C-alpha cells in the first residue's frame, strides 16, 4: 500500500514538473521566436513603448528566445481599419500581427472570426488575481479573455488653474463648485459674464468655461450616476427622465456660449485659453501644454489642476473606464506562449509603473495601483502626471467605474449622437445670437430653444 501511494505521489510530482516546464521547451534562445506587434501609441508614449520593447528584447527576450518586432500605427482609427482589413482578408491587407493593442470593439470583430487566443489558457488563476478585477472583466467576451489589460484610463476634470484663480478671485466660485456638473454650469455662467466684462467696449464676447471631450461619455456616465442606463438593447434610451435632466442642464449653456461647441479635442481649446476646464481622458494629459497662446499671439505660462470626475447632484461617484488592451492572435503554440511571456513582463508592477509614469495611463495590477504607485509619484518630474496619478488613486478608492457596452454599431451610434447634439446646439446658438442683435440681454432671456421632448424627436432615430 505504501509503495502504491509513493508511486502515485512520484507520478503526480513528475507530471506537475513536466507541465510546468512544457512551455519553456517551446522556446530556444539559440533559435528565437519573432513576434510582430502593432500599437497605436504616439509621441512620448511611442518613445516609452519602444524603449521598453528594447529592454525586453535585451533581457527576458534574449534569455527565453523571444524577439518582439514593433510597428507603430498612427491613431486608433487607422489601427482598427488595418486590423479589420486583415481579419476580412481584404485585397492588399497586411497579415495580422502576433500582438496588437486593441479596444474591445475591435477585439470583438477578431474574436467573432475566431482569430484571438483565449488568454485564460496562458495565465493561471493566481496570476490573474493580481490584476484589477474590472480591467480583466472588460476584456472578457463569452467567458474568454481576449483583451489583456496593459494600461487603462478614465476621465478626470482638467482645470487651467491660472485662469480659474484669476476668475475666482473676483467671484464667489471655488474649486468646490467643480465637484458637480451643476456647480460647473453655475461657474460657466458667471465666467461668461466675468470675461465679457473684461472688454466693456465689446458686447457679448464672453468666453466658454467648460467642454466635455465626449458628449456621449458624459451622457453614459450621467445616466449611470443617476441610476439608469443610456444604451439599452443597442439603442439609446432617450425617453428616460435622466435624458431630460442632462438636456435641461447643458443645452441652454451651450446655446448661450457658457459651454463650448466644438468638433475636436478639448485640449485644442485649452491650448488657446478658450476654455478653463474639460472632462477628458487621463491619457490626454500629455496634450495640455505648459503655456497658453491667445488669439492675439501672446503667450502665458499656466498651471493645471486635475480633479476627480464630477458627479451630478444626488448622483453616485461613477466614472468611465477607458483604454485599450493587448490581444494575441492565433498562430503557433510557440508564438502564443511567447506572447504571454511578454504580456506578463510588460504588466509586472515595475514595468507597468514605468510605462504609465510618462503617459497618463493607469496601472493594471492591484500592487501597482497601491503603495507602489504612491511611492512612484515622488519620483515623477512631470507636474501634471504627478497630479493625475494622485487623483487616480483617490478615484480608485472612492469611485465605481462604468464599462461601456461593446457591439458592432456602437461607434456609429456615438458619432451620430454627438453630431446631432452639436448641430442642434450650434443652430440654436446662431438663432440666439441673431436674437441678441434685436434686443438687449434681458430680452434675450425670453428666447426659447428646444425642450428635451423636442430634442428626443430629433434624436429619435438613433
Provide a single number: the residues in the stretch 325-363 that are closer than 13 Å to residue 68 by Cα and at pLDDT below 95.
0
Could you tell me whether any residue of the stretch 286-293 is modelled with pLDDT of 95 or more, within 30 Å of residue 113 (Cβ to Cβ) and either part of a loop (DSSP other than H, G, I, E, B) or in contact with a helix residue (DSSP H, G or I) (Cβ under 9 Å, 6 or more places away or on another chain) (or both)?
no
Within the stretch 205-226, identify whether any single residue is farther than 29 Å from residue 388 by Cβ and assigned by TED's automatic domain parsing to the domain that holds residue 177, and answer yes or no.
yes
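For the stretch 363-384, how many residues meet the condition of being within 24 Å of residue 287 (Cα to Cα) and free of Cβ contacts under 8 Å to residues at least 24 places away in the same chain? Break it down into steps so the answer makes sense when it comes.
Pass one, the stretch 363-384, residues within 24 Å of residue 287 (Cα to Cα): 363-364, 369, 373-374, 376-384.
Checking which are free of Cβ contacts under 8 Å to residues at least 24 places away in the same chain leaves us with 373-374, 376-381.
Total meeting the criteria: 8.
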Look through 36, 48 and report the one residue that is in the same structural domain as residue 329 (by TED's automatic domain parsing) and assigned to a helix (DSSP H, G or I).
48
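Taking the conditions exactly as written (at pLDDT 90 or above and under 26 Å from residue 282 (Cβ atoms)), does residue 113 satisfy them or not?
No.
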If a residue must be assigned to a loop (DSSP other than H, G, I, E, B), touching a helix residue (DSSP H, G or I) at 6+ places or on another chain (Cβ under 8 Å) and within 26 Å of residue 285 (Cβ to Cβ), how many such residues does the stretch 231-275 contain?
8
Identify, by number, the condition in (1) surrounded by fewer than 22 Cβ atoms within 10 Å (Cβ to Cβ); (2) farther than 16 Å from residue 403 by Cβ; (3) touching a strand residue (DSSP E or B) at 6+ places or on another chain (Cβ under 9 Å) that residue 117 doesn't meet.
(1)
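Would you mind finding the one in 303, 334, 314 that is surrounded by fewer than 22 Cβ atoms within 10 Å (Cβ to Cβ) and in contact with a strand residue (DSSP E or B) (Cβ under 7 Å, 6 or more places away or on another chain)?
Values: 303 fails: in contact with a strand residue (DSSP E or B) (Cβ under 7 Å, 6 or more places away or on another chain); 314 fails: in contact with a strand residue (DSSP E or B) (Cβ under 7 Å, 6 or more places away or on another chain).
The unique qualifying residue is 334.
The values are calculated or read from the model by the stated rules, or taken from the named source; none is laboratory data. Keep in mind that this is a model prediction, so the values were computed, not measured. All Cβ positions, glycine included, derive from the backbone under ideal geometry; neighbour counts span all protein chains shown.
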